[in-house]
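Presented below is the structure to which this report refers.
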Amino acid sequence: MFADDCCLVKAATKRRISAFAVYFALSALLLVKGFSLRHHLIGVGADVESFAWMLYWWPWAIGHGINPFVTDLAWNGLGYNLTWATALPTFGLLLAPLTWLTGPVLTTNLVIVLAPACAAFAAFLLLHSVTGRWVPAFLGGLVFGFSPYEMGQSLGHLNLTSIALVPVCLLSCKAYLDQTITRPRFIAALSMTALLQLGISTEVLFTSAVMGIVTWCVFVATAPCKARHLYFLLARDVVLAGIVTIILASSFLFYLVKGMKVVPGQMNDPDVYSADILNFLVPTPVTLPGGTLFSSISDQFTGNISEQDAYIGLPFFLLAVYFSTIAFRSSLLVKRCVLVFWISVLFSLGGVLHAGKNVAHVRLPWHLVDRLPVVSSVLPVRFAMFTSLALAVLCAVFLAQRATVGRYGVVLCGLLFLFPAPAAQGWEATTSSPFFTGASIKRHFGDDSVLVVLPFGYLGHSMAWQLQSGYAFRQTGGYLGYTPTSEHNDAVLSAFLNNAIPPHFDEQLGFYCVDHHATAIVIGPKTKDVLRQAILETHWAAERDGDMIIVRVPPRETLPLFHISGDYWPSPAEVNWMGQQIMVETGVAPARLEIGRPYVVSSPGVSVSTGNIVRHIGFQPGEKTVIDLPANSRTTIRADKVFVPAKEGINTDQRTLSLLIGRR
């Protein structure tokens, strides 16, 4: 008897190993294209470079005795909160030995290749537990692990492809309901899973909690009365596991809550990143069959190619419809999966219905919550991940119910419709530069230098260059996710990102550099000519080293500084709107400011405070007032009244405004 059990265990283990090997081989075939895994990153854009930066950051920060939750290496002087920037502490800490030995680029690539394989394997284990059948579970794993969601996010979102822990959570809950795991072990397993997921993606953890609550409600609503008590026990112990997770992650959560004050209330527009209803049947170039054929339609979808993930294909759509028609006379599991499937579809559509380039002004349920704190940062289209998981369960159950050739044909045909296009997976060559070595940075700028690196942020490779130097310098910007709210209205930052050079750029650039303690500006290749020329026209000391131009920032006392901060919206125009209050700072030269009242509803006056001197200035509609600002001063200007143009019927502007201001 014991020998038979050992044989069964060995056979099961071999099947699991074989399944994972096939998943990994398929993932490598789709994602690895013969380039050096140490010198090219899988994916495109600045996101993938920032993830490599993050993987190196955690062991480096801890090794140097630095608080790993906050950094000044990017956005110097602001204490950039990394808990809101997808900091990846789970991978950064667990894979630290590999990162030290082989470098962060190889580690990043390994995680990206492993992500689909691990997701498919985790779904395989869950589905085998549900159906007791190996082949249906294996095919269901393919549906989840190589879904358009997973392949789309592989273009650069390492945090969002690492979704294996979602099926693992469900597997733990199933074991609890089946009473094959003790209560303490369940709480320990679930809390550890949640802790690891928190360190990979807070968004995936949050949306998993949302869908977990929805799924629990579906199960309770459809359960026989005598069985409901078990689900309430499950809820009790899930809450306990959550409390344990909060205790274990208290340091991370402290900075997460603290960071809510400095991050934008809404990082991306959920209406832009909502699933298009046509996308469920129309593929994007991420999918091989028909991906390019239907590009004229998919090009009209909102978002970008990595976020157009709702596609399930015609065969699986018909399978979902089939199950929906028989759900209430089928098994309880099918009924529940169908409900969860359609709820996740509804959530992925967001708050407003999109159909190609048309927006039907039909309010959907997500509209009721998409402006709430935290929820506003969730992108609805990413609920497509849960749609693919529910679909994987339906496929496995469909095959396990009756393993006929026809049924296998339907599922295989559906998988063929979803087959990923290898050409869609981009490669980003790591942009190393002989200029950005540790020795070169020290020779040019000394120790602990602060640089403005151009092209700025996501437009260039400043994060890769900083990583290459071994964090030998700090930078005034960078790209790690969000832009701090304190930087949003900065005219110089707008010039760096949009090449919109404002009037008196030299004065504002000087203030920007002084305020951020920058010692030099490094102008790299691919910086736009208009921006490069505007910087060189300051006539600050400049030199060239290879393909880099170094512009030295003069001492503060020699700069004619001028800067406006506060409720102010700069643009290349001569005059711009202010809100309730602004602060104007000058350097060695005095300045004159002109304030105009264009409308009757504009503020009738302002209070002007320079040092201990406070005065009030009033003026009539259509009038302009000139204010003289002394050199080396800080002047606060506060409007008596503000208005919202949209409410006054002037235009559709939703900002709170008061007066127009400009240099004289």
Taking only the alpha-carbon positions of the chain and ignoring solvent, what does the Debye formula give for the base-10 log of I(q)/I(0) at q = 0.08, 0.11, 0.12 Å⁻¹? -0.70, -1.17, -1.31
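How many percent of the accessible area of segment 114-216 is carbon or sulfur, using a 1.4 Å probe?
Values: 2300 of 3220 Å².
Ligands and nucleic acids excluded, carbon and sulfur give 71 percent.
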Averaged per residue, the 1.4 Å probe accessible area of segment 91-136, protein heavy atoms only, in Å², is roughly 35 Å²
Determine the share of segment 244-310's accessible area contributed by carbon and sulfur atoms, expressed in whole percent, with a 1.4 angstrom probe. 66 percent
So with the 1.4 Å probe, I'd like the accessible area per residue for segment 247-344, rounded to whole Å². 47 Å²
Straight-line reach from Lys526: which aspartates and glutamates have a Cα under 20 Å away, not including same-chain ones fewer than 8 places off? Asp47, Glu49, Glu428, Glu537, Glu543, Asp545, Asp547
Once you have the Cα-Cα distance between Ser295 and Arg634, take 0.36 nm times their residue separation minus that, and quote the gain in nm to one decimal. 116.6 nm
Alpha-carbon centroids, segment 539-558 and segment 270-308: separation in whole Å: 46 Å
No solvent, one uniform scatterer per C-alpha: report log10 I(q)/I(0) for segment 593-639 via the Debye equation at q = 0.23, 0.34 1/Å, two decimals. -0.80, -1.34
At a 10 angstrom cut-off on C-beta neighbours, averaged per residue, how do the peptides 179-190, 16-27 rank from highest to lowest? 16-27, 179-190
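Would you mind getting me the FRET efficiency between Val369 and Ser18? Use the beta-carbon distance for r and R0 = 30 Å, nearest 0.05. The partial results should precede the final answer.
Numbers: r = 43 Å, r/R0 = 1.44.
The value I calculate is 0.10.
Percent of alpha carbon pairs in segment 450-533 separated by more than 15 Å? Kindly include the intermediate steps, with their values, before the conclusion.
Numbers: 1975 of 3486 pairs.
Roughly 57 percent, once rounded to a whole number.
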Taking segment 527-602, the whole-percent share of alpha-carbon pairs separated by over 16 angstrom is 67 percent
Residue-normalised accessible area of segment 575-658, expressed per residue, 1.4 Å probe, Å²: 51 Å²
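Express the relative contact order of segment 574-664 as a whole percentage, based on alpha carbon pairs under 8 Å and six or more residues apart in sequence. Before the final figure, lay out the partial values.
Working: 223 pairs, mean separation 40.6, N = 91.
45 percent.
Express in nm, to one decimal, how much length is gained between Ile247 and Ala209 on full extension, taking 0.36 nm for each residue of separation and deducting their alpha carbon distance. The partial results should precede the final answer.
On the way: separation 38, 0.36 × 38 = 13.68 nm, distance 1.75 nm.
Extending this stretch completely gives an extra 11.9 nm.
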Over every pair of different alpha-carbon atoms in segment 507-663, take the mean of 1/r and invert it; report that Kirkwood radius in Å. 17.4 Å
Can you pull the Kirkwood radius for segment 141-255, inverse mean 1/r over Cα pairs, to one decimal in Å? 15.3 Å
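Only sites in a loop by DSSP and with at most 16 other Cβ atoms within 10 Å count here; which chymotrypsin sites (Phe, Trp or Tyr not before Pro) in segment 38-122 make the cut? The partial results should precede the final answer.
Values: sites: Phe51, Trp53, Tyr56, Trp57, Trp60, Phe69, Trp75, Tyr80, Trp84, Phe91, Trp100, Phe121; in loops: Phe69, Trp75.
Answer by residue number: there is no such site.
Nothing charged except the Cβ atoms of Lys and Arg (+1) and of Asp and Glu (-1): what's the magnitude of the dipole of the chain about its Cα centre? Round to the nearest 20 debye. Mind dumping the intermediate values first?
On the way: 44 positive and 39 negative charges, 438 e Å.
With Lys and Arg at +1 and Asp and Glu at -1, about 2100 debye.
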Where in segment 520-589 are there trypsin sites (Lys or Arg not before Pro) that are in a DSSP coil and have at most 16 other Cβ atoms within 10 angstrom of their Cβ? Lys526, Lys528
In Å and on Cα atoms, what radius of gyration and Dmax does segment 396-492 show? 24.6, 72
In the structure shown, of Lys624/Lys647; Lys528/Lys624; Lys261/Lys442; Lys14/Lys226; Lys261/Lys641; Lys174/Lys226, the pairs separated by more than 29 angstrom at the C-alpha atoms are Lys528/Lys624; Lys261/Lys442; Lys14/Lys226
Tell me, which longest segment in the chain has none of the GluC sites (Glu not before Pro) that fall in DSSP loops with at most 14 further Cβ atoms within 10 Å? 1-536
Counting only protein heavy atoms and using a 1.4 Å probe, what share of the accessible area of segment 476-532 belongs to carbon plus sulfur, as a whole percent? 47 percent
Scoring the chain by relative contact order with C-alpha pairs under 8 Å, at least six apart, yields a percentage of 13 percent
P(r) tail fraction, segment 475-521 - alpha-carbon pairs more than 18 Å apart, %: 26 percent
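The values are calculated or read from the model by the stated rules, or taken from the named source; none is laboratory data. Please read all numbers here as calculations on a predicted model, not as lab measurements. We place every Cβ from the backbone using ideal geometry, glycine too, and count neighbours over all the protein chains shown. The protein model used for the area step is the full one, side chains on, heavy atoms only, and it has no ligands, DNA or RNA in it. Shrake-Rupley method; radii C 1.70, N 1.55, O 1.52, S 1.80 Å.
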